[in-house]
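Just below is one structure, and these are the notes that go with it.
Nothing in this text is a laboratory measurement; each read-out follows from the coordinates by a stated rule. Everything quoted here is computed from the prediction, not taken from an experiment. Every residue, glycine as well, gets a Cβ built from its backbone with ideal geometry; the counts of neighbours run over all protein chains shown.
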């Protein structure tokens, strides 16, 4: 099948790549013998991994790894402990790149071990699909091998024997279902149910679960239907309305159970002051003309008192006589003023319904 072919091709390719060298860019057929990977181009650049500071600090690579930090806009390398900025001139040494003259370059920043990059030319290996069911492999030396990656479809089958599996056109293997180690606790087990008992085969503890005490018969469960109810009253079960109560019967039943029920909402107190009965005739309902207690608010003040001197000082009795003479109806006792609370109303009708919850 196609999957088998692809797997075979990948297997050959991966096995080859274990020892292969890689050349990317120009002159792909030439790579230095000491290089594992080599880049060559006069029109394109090698771009390192571009990361932020946070992303860089979250990476813990091998010693010598390098990235381009887009925030510092500089290359950083990992020395096995931390990331170092190659653009940081505060280091004790300066960063240098030396051409070794043999296709390799050595980089150092003056503080850590140098890093050598190899870049000579060598022939690369290739694997080409010939689109006719064959593939051509070329090794580092240029030698080519063409092989057939196809083959008939193969099916996985069993001959019915326990533990035996075979492949069409291939081998037959036997799986060890019973390991014959005399330990029944690690064998394949089946869950069984019989006569209300749940058990496991090959169970060394012979554990069982007895469900006989539970209701396993759903046929006698109540289905929620009226017709399934037993002992239904005949007067309800005949389907007519001859047990319908009259309004009078309903009223008698209600009055019998609730003799004090207020059934007339028309006489309920509305909650408005205007609907209060027996309000005292002399109740002062106009606060706008009440005396505010200010001297300047007093009318008809005696001239001798109003000129600001003390030559006409009156006694308390004289002041009281003058006030009572001018204001015979002045209410000077605030203790008997109406508080505004319903609970302080006098002469409230005894039958007034003050409970609206039973209306």
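Extending 7 Å from the Cα toward the beta-carbon at both residue 59 and residue 71 defines two label points whose distance is 1.5 nm. Peptides 204-212, 26-34 ranked from most to least packed by the mean count of surrounding Cβ atoms within 10 Å: 26-34, 204-212.
For 83, 226, the sequence from fewest to most other C-beta atoms within 10 Å is 226, 83. Among 22, 250, the ranking by other beta carbons within 10 Å of each residue's beta carbon, starting with the fewest, stands as 250, 22.
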